[in-house]
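The values are calculated or read from the model by the stated rules, or taken from the named source; none is laboratory data. Treat the numbers as computed from the prediction; the structure is a model and nothing was measured. Cβ: placed from backbone, ideal geometry, glycine included. Neighbour counts: every protein chain shown. We work out accessible area using only protein heavy atoms, side chains counted, and drop any ligands, DNA or RNA first. Shrake-Rupley method; radii C 1.70, N 1.55, O 1.52, S 1.80 Å.
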Amino acid sequence: MASTGPDRAEAPVSAVRAAAYTVPTEGPEADGTFSWDSTTMVLVQAAANGKAGVGWTYAPAAAAALVEDLLGPAVCGVDALDVPAAATAMARAVRNPGRTGLASYAVSAVDCALWDLKARLLDLPLHKLLGAVRDKVAVYGSGGFTTYTATQLRDQLEGWAHGQHIPRVKIKIGQDNGADVRRDLERIRQARAAVGPGVELFVDANGAYTAKQAIRVMRAVSGEDVSWFEEPVSSDNLPGLREVREAVDADVAAGEYGTGLPYFQRMCAAGAVDCLQADVSRCGGISEWLRVAAVAAAHGLEVSGHCAPNLSAAVAAATPNFRHLEWFADHVRIENLFFDGTLDPDGGWLSPGAGNGNGLSLRTAVADGYRVG
């Protein structure tokens, strides 16, 4: 256990609890390579000295068992003010089952809960504890699922661009694993028509294309001013990402599936992306996010936050080389449902709350209606 300084008493972590909640979508949803009808949140609460912090990940309910069986016992008794010590203890606990993949999702939820707990113990907003670089974070509206009708797509995009004045929006393309490019091109043109010329237009293929196919798609819509091309090919295909990056004007981005620092290092070193994505609910939490951002900075790259916007805002505000954060429709809906104190993206910005920790409080009665397991 960490040593105690002369000016404070230890605050040992006394309990770590996890629960899974599955929330149905409002209708069928899909991207270029996957479809779903519900989203599962695994939520962690960590306690010390009568206070509790909250963190979460979007993952199968099995992640909750990892928290209860391995991670909670590893961090209980560690001083809650020494989050790096807890992160090290968790890394040791998942050595045998594997530190990457689902274990990293579980670690992320606990790590975020511990940072929130520390900020609450010190009566500080989380972004101030981390050391804020900025007081607001740029966001982009994200959804535009391939299952949407033209009307659904237009209404969602207009709601962000003209209703909430978010000057950046993203849609999904890569229909049916890249088999229906004609529909992809049609939807990109519909998206541009919906938001008008003053809004940045992003597209995300979720790895559906081959490299040359992705290049042809961008050439075909060169007049629509697409400025962000996310995962044009699989994020595991680093040469393919680089091939697309060197051939198109849009910034190429990837990294959302990263669950270990070497993953991000390889992607940066390969020259595969113009902007590195990281997901605080997957990559290892706030502790690992900060290391990922440092790797990106060493390669002259910015970081874009993937999903979980209310979980990500504080660390985004504390990251010097940060570009923007994904205001993802599914996660926004769940976070607004489950928490008081969620953030407002009006104008295209999130301002981390002035309250202690992440500023959120769980609506337990509401969340319990979706609890599984």
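Here are some notes:
- Taking the range 142-169 as the range and being within 15 Å of Arg187 (Cβ to Cβ), surrounded by 16 or more Cβ atoms within 10 Å (Cβ to Cβ) and of a type in the set (Gly, Ala, Ser) as the test, the residues that pass are Ser142, Gly143, Gly144.
- Count - residues of the range 281-307 that are crowded, with 24+ Cβ neighbours inside 10 Å and on the phi > 0 side of the Ramachandran plot: 2
- Residue ranges of strands (runs of 3 or more DSSP E) in the range 236-347 with at least 1 members under 30 Å from Ala365 (Cα atoms): 302-305, 322-328
- Answer residue from the range 170-213, given it is among the hydrophobic types (A, V, I, L, M, F, W, C) and part of a helix (DSSP H, G or I) and is surrounded by the most Cβ atoms within 10 Å (Cβ to Cβ) among those: Ala191
- Of residues in the range 308-325 being of a type outside the set (A, V, I, L, M), out of contact with any Gly (no Cβ under 6 Å at 6 or more places or on another chain) and within 19 Å of Ser351 (Cβ to Cβ), the one surrounded by the most Cβ atoms within 10 Å (Cβ to Cβ): Thr319
- In the range 331-343, residue most open to solvent (accessible area, probe 1.4 Å) [restricted to those that are within 15 Å of Tyr21 (Cβ to Cβ) and either of a type in the set (A, V, I, L, M) or in contact with a Phe, Trp or Tyr (Cβ under 8 Å, 6 or more places away or on another chain) (or both)]: Leu337
- The listed residues are Thr39, Thr22, and the only one of them that is of a type in the set (Val, Ile, Thr), in contact with a His (Cβ under 9 Å, 6 or more places away or on another chain) and closer than 24 Å to Ala113 by Cα turns out to be Thr39.
- Test: residue in the range 261-274 that is open to solvent by less than 10 Å² (accessible area, probe 1.4 Å), over 22 Å from Tyr209 (Cβ atoms) and small (Gly, Ala, Ser): no
- Scanning the range 348-363 for residues that are outside any strand (DSSP E or B) and surrounded by 17 or more Cβ atoms within 10 Å (Cβ to Cβ) yields Gly348, Pro352, Gly353, Asn356, Asn358, Gly359, Leu360.
- Residue list for the range 50-71, restricted to those being touching a helix residue (DSSP H, G or I) at 6+ places or on another chain (Cβ under 6 Å) and within 25 Å of Leu126 (Cα to Cα): Lys51, Gly53, Val54, Gly55, Trp56, Thr57, Ala59, Ala63, Val67, Leu71
- Test: Ala52 is modelled with pLDDT of 95 or more and open to solvent by less than 30 Å² (accessible area, probe 1.4 Å): no
- Lone unmet requirement of (1) at pLDDT 95 or above; (2) within 26 Å of Glu256 (Cβ to Cβ) for Arg99: (1)
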